Amino acid sequence: MAIDGVKIVDSDFAWDIFDDFFERFDAGASPAALREELTEEYEGEILSALDRELFLTTLAECLWSVGEPVVELADQIQDMLDRDATAAEWDDLYPERKKVLKRFLTRLNKPKTKPVSRKKNRAPKKLLFEVGDYLVFTKQNGKQVPVIMWGLERRGGLTYLFVCPNLSKTDDAALIRKLLDTSQPLSDLELTTFFHRDKHAKNTGIEHKTLKPYAERFRKFGNRKFSDDWYGSPSLTAFDFDTFEKCINECGSRAFTPEELKLTDG
């Protein structure tokens, strides 16, 4: 689990909870119901003191921000703070984290002046992928192929745009190694080998909420953005994951060989 800092929502785990809460809140779920649902669903993930603290503080932040009372959660957080329950896990960061928690508990004592309202299209705070990410995608049949994160669309929500380099277009093992080693420069001419000679890439879009349950089928192994000379065809938006996988299949790429997969292991 990546922890970027000591703020209340400053870790991958916290962002997952935050996005889960507001996705359901925006869909009409009541704050009281969300408190029970998320507590039950995350029960198996908060066995350590640190994970429990991150869960309690993030849930309290979400509930407080929409105007829901959080006295019980605040009491649990205060108890952990009084016992320095997570001091060992935060290590050198604990003194600063402790200050953050004290300020946070003071804030929770007062109702939010302007509670957050439901939004029709709220962008998630935590992106699953960044523009230029090179990814190994595991298909339903177990075969693995490369996909690249082309871009993001934020109109009416958040949509990820992917392109699929076609490994079947060349037998040049050295060029394929160069494609997969994103720490090395790759010329536009070399990159066109896997797409089109005119620097054109066909995009497939899929919304964040549709992709999120399948995020574990992607593994990032590098990042290399396309140059500004490239252009993408109007994206086809896949409204379910089966359609997305069908689009990836239609790109025609063969699967990685075992040797190529080793190159993506870092």
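The values are calculated or read from the model by the stated rules, or taken from the named source; none is laboratory data. Just so we're clear, the structure is a prediction, and the values are computed from it rather than from any experiment. Neighbour counts run over all protein chains shown; Cβ positions are idealised from the backbone, glycine included. Ligands, DNA and RNA are excluded from the accessible area calculation, which covers all protein heavy atoms including side chains. Shrake-Rupley method; radii C 1.70, N 1.55, O 1.52, S 1.80 Å.
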task = Pick out, in residue order, every one of the trypsin sites (Lys or Arg not before Pro) in the stretch 86-119 that is DSSP loop and has at most 15 other C-beta atoms within 10 Å; say none if there are none.
result = Lys112, Arg118, Lys119
note = Given a Förster distance of 30 Å, the FRET efficiency implied by the Cβ-Cβ spacing of Lys114 and Glu40, rounded to the nearest 0.05, works out to 0.50
inquiry  = Tell me the carbon and sulfur percent of the accessible area for the stretch 12-109, rounded to whole percent, probe radius 1.4 Å.
reply    = 49
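Among the chymotrypsin sites (Phe, Trp or Tyr not before Pro) within the stretch 164-249, which fall in a DSSP loop and have no more than 12 other Cβ atoms within 10 Å of their own Cβ?
Working: sites: Phe194, Phe195, Tyr214, Phe218, Phe221, Phe226, Trp230, Tyr231, Phe239, Phe241, Phe244; in loops: Phe194, Phe195, Phe226, Trp230, Phe239.
Filter output for the stretch 164-249: Phe239.
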inquiry  = What do you get for the angle between helix 49-65 and the principal long axis of the chain? Use alpha-carbon atoms, 0 to 90 degrees, nearest ten.
reply    = 80
request  = Take every DSSP beta bridge with both residues inside the stretch 133-264 and express the antiparallel ones as a percent of the total, to the nearest 5.
outcome  = 75
ask   = Considering the chain, which cysteines have no disulfide-compatible partner, defined as another cysteine with its Cβ under 4.7 Å away?
value = Cys62, Cys247
key: Helix-only mean residue ellipticity at 222 nm for the chain, each DSSP H run of n ≥ 4 adding -39500 (n - 2.57), per residue, nearest 500   = -11500 deg cm²/dmol
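What does the charge add up to near Lys112, with Lys and Arg as +1, Asp and Glu as -1, over the other residues with Cβ less than 11 Å from its Cβ?
Numbers: positive: Arg107, Lys110, Lys114; negative: Glu61, Glu68.
Computed value for this residue: +1.
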key: Helix 12-26 axis, angle to the chain major axis (alpha carbon atoms, nearest 10°)   = 80
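Which trypsin sites (Lys or Arg not before Pro) does the stretch 1-79 hold that lie in a coil by DSSP with at most 16 other beta carbons within 10 Å? Intermediate values should be presented prior to the final figure.
Details: sites: Lys7, Arg24, Arg35, Arg52; in loops: Lys7.
Here the trypsin sites (Lys or Arg not before Pro) that fit, given the DSSP loop and packing criteria, are Lys7.
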note = per DSSP, antiparallel bridges as share of beta bridges in the chain, % nearest 5, sits at 75
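Ranked highest first by the average count of other Cβ atoms within 10 Å around their residues, in what order do 250-261, 159-170, 125-136 fall? If you can, show how the numbers build up before the last one.
Values: 250-261: 14.7, 159-170: 20.2, 125-136: 16.8.
Descending mean neighbour count gives 159-170, 125-136, 250-261.
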note = Checked against the structure, the computed Rg and Dmax of the Cα atoms in Å among [x] 22.1, 66; [y] 18.4, 56; [z] 20.6, 73 is the one labelled [x]
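Once the piece of chain linking Phe239 and Glu216 is laid out straight, how much longer is it, given 0.36 nm per residue of separation minus the C-alpha distance between them? Don't jump to the answer; show the numbers that get you there.
Details: separation 23, 0.36 × 23 = 8.28 nm, distance 1.87 nm.
Fully extending the segment from Phe239 to Glu216 adds 6.4 nm.
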request  = Measure nothing but the geometry: give the 0 to 90° angle between the long axis through the Cα atoms of 71-82 and the longest principal axis through the Cα atoms of the chain, rounded to 10°.
outcome  = 90
